[in-house]
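**Q** I am attaching a structure below and will ask some questions about it afterwards.
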Amino acid sequence: MRRRIVLGALIVVGALSMAVAAQRGGTPAAEGPRVVELDKISDTLYVAKGGGGNTAVFLTAGGVVLVDTKLPGWGQPLLDKVKTISNRPVTMVINTHTHFDHTSGQLEFPGSIEVVAHENTRTNMLKMEDYKKPENAKVLPKRTFKDRLSVGSGSDRIDLYYFGPGHTNGDAWIAFPAQRVVHAGDIFAGKQVPLVDMGNGGSGVAYPDTLMKAYKGISNVETIITGHSNTTLRWGDLKEYADFNAEFLNWVRAEMKAGKTPEQAAAEYKVPDRFKGYGADLPPFFGGMPGYIKGKYGELRR
């Protein structure tokens, strides 16, 4: 549960990016075998793990749909693994958000694949160095949505939702209604203090409300594929996670009102007993926990 989130959009130093990828369970481009593992949820839905964020693999009558495509260099291993469970082509990719550990694998995909994302995610991806290259435009999202979009029909239907900013300003929730499953991406990366990418429109203050809107706004879901957890979670875990974030935000407000510096507040923070098992161990970029609290202070003062 105490896994760390990889963020790519603001990490401009390549060496740091690869070090973070290794921390998060991804294999840097120059190291080791790239092994993708599959966990079966149902006969038509799998989770592909390794190489960055969790990928949903959905087998439909018309082809395979992937939700997120992992780190650079992991696109082909992902496609190869998909071939072990289906001879159908990958026809669609849905990106939950912009970060490179969720989108870079598709740079190795053919341009015939339809890429779908929230409209803000497309805008954020256009700022990424890889997507500034003309030859990579073919795997940018061509189909976008604002609040809600459905693709497919019957047991193959996929519902896409957007409830507001959190991890970024383009966090899409991808629901598979017939499976009673949703892929949450990194707005629910795991049971931990979340990272917020304010450079890509994220908001630590809006985070709890966004989570609660998703909990109330998506119905008939039992299972959550998170951005990085080793296992799937239950729908009730989302309500708990929203409560955790709301309580954390209230604690930050109190620390700011008491005149504590972000460093002082970070040194004092302890995960409440009722959220036992949650992690508060943030990676050093963005300033770690002090940086995260500083960001919340800034939002609260606006």
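**Q** Using +1 at the C-beta of Lys and Arg and -1 at the C-beta of Asp and Glu, which of Pro77, Thr91, Thr144 has the Cα lying farthest in the positive direction of the dipole of the chain?
**A** Of the listed residues, the answer is Thr144.
**Q** I would also like to ask the following. For the pair Lys142 and Val35, how long in nm is the line joining their label points, each one 7 Å along Cα→Cβ?
**A** Going by the 7 Å Cα→Cβ label model, 3.7 nm.
**Q** Once the piece of chain linking Asp281 and Ala258 is laid out straight, how much longer is it, given 0.36 nm per residue of separation minus the C-alpha distance between them?
**A** Fully extending the segment from Asp281 to Ala258 adds 5.9 nm.
**Q** Under a GNM of the chain (C-alpha, springs under 10 Å), which listed residue has the highest mean-square fluctuation: Ile113, Ile94, Ile187?
**A** Judging by the Gaussian network model, the answer is Ile113.
**Q** A further question follows. Viscosity 1.306 mPa s, temperature 10 °C: Stokes-Einstein D of region 52-168 from its Kirkwood Cα radius, in µm² per second?
**A** Diffusion coefficient, whole number: 111 µm²/s.
**Q** Sticking with this structure for a sec: If amide H atoms are built 1.01 Å from N in the plane of the peptide, which residues on other chains or at least 5 residues away come under 5 Å of the amide H of Val115?
**A** For Val115, the qualifying residues are Val93, Lys142, Arg143.
**Q** Now a separate question. Tell me, what is a quarter of the convex hull surface for the C-alpha atoms of the chain, in nm² with one decimal?
**A** 14.7 nm²
**Q** Using unit Cβ charges (K, R positive; D, E negative) and no other charged atoms, how large, in debye to the nearest 20, is the dipole of the chain about its Cα centre?
**A** 300 debye
**Q** Out of all DSSP beta bridges with both ends in the chain, state the antiparallel percent to the nearest 5. Walk me through the intermediate numbers first.
**A** Working: 25 of 40 bridges.
DSSP beta bridges in the chain are roughly 60 percent antiparallel.
**Q** A further question follows. Of Gly164, Gly236, Gly204, which is the most mobile in a GNM of the chain whose springs link Cα atoms less than 10 angstrom apart?
**A** Gly236
**Q** Separate question: Tell me which of Leu160, Trp251, Ser219 sits at the most positive position along the dipole axis of the chain, charges placed on C-beta atoms (Lys, Arg +1; Asp, Glu -1).
**A** Of the options given, the answer is Trp251.
**Q** When ligands, DNA and RNA are left out and all protein chains stay put, how many square angstrom of accessible area per residue does the chain have with a 1.4 Å probe? Write out the running numbers ahead of the final one.
**A** Details: 12310 Å² over 302 residues.
Here the residues of the chain average 41 Å² of exposed surface.
**Q** Sticking with this one: Taking only C-alpha pairs under 8 Å that are 6+ residues apart, what is the relative contact order of region 167-302 in percent?
**A** 26 percent
**Q** For region 119-254, I need the span (max minus min coordinate) of the C-alpha atoms along each principal axis, in Å, sorted largest to smallest.
**A** 47, 39, 27
**Q** On the principal axes of its Cα set, how long, how wide and how thick is region 180-302? Give whole Å, largest value first.
**A** For region 180-302, the Cα spread along each principal axis is 45, 28, 24 Å.
**Q** Tell me, what is the percent relative contact order of region 134-180, built from C-alpha pairs under 8 Å that lie six or more residues apart?
**A** Details: 50 pairs, mean separation 13.4, N = 47.
In percent, rounded to a whole number, it is 28.
**Q** Next up: Using a basic spin-label model with each label point 7 Å from the Cα along Cα→Cβ, how many nm lie between Asp130 and Arg157?
**A** A separation of 3.3 nm, rounded to one decimal place.
**Q** Going by the alpha-carbon gyration tensor, a ≥ b ≥ c the square roots of its eigenvalues, is region 104-187 rounded (a/c under 1.5) or, if a/c is not under 1.5, prolate (a/b greater than b/c) versus oblate?
**A** oblate
The values are calculated or read from the model by the stated rules, or taken from the named source; none is laboratory data. Since we're looking at a predicted model, the values are computed, not measured. Glycine gets a Cβ as well: all are built from the backbone with ideal geometry, and neighbour counts include every protein chain shown. Heavy atoms of the whole protein, side chains included, go into the accessibility calculation; ligands, DNA and RNA do not. Shrake-Rupley method; radii C 1.70, N 1.55, O 1.52, S 1.80 Å.
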